[in-house]
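> The structure's right below; bear with me while I get my questions together.
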Amino acid sequence: MKPSKQIPMWLTIDVAIILVGLAIIAGGIWITNARIFGMPV
């Protein structure tokens, strides 16, 4: 039994890199907003 659709390895790596990048950007925005508005980080 082999899967009908095999996901290419480069595609999964690209998706992982994009998700990590978005997480870093979101974290940076959150920290910046916390500093501007005086919320405890």
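> Distance in nm between label sites at Phe37 and Ile17, each 7 Å beyond Cα in the beta-carbon direction?
Here the modelled spin labels are 3.3 nm apart.
> How much length is gained on full extension from Ile29 to Ile7, taking 0.36 nm per residue of separation minus their Cα-Cα distance?
Value of the extension gain: 4.7 nm.
Computed from the coordinates by the stated procedures, all read-outs in this text should not be read as laboratory data. Treat the numbers as computed from the prediction; the structure is a model and nothing was measured. Note that we place each Cβ from the backbone using ideal geometry, even for glycine, and neighbour counts take in every protein chain shown.
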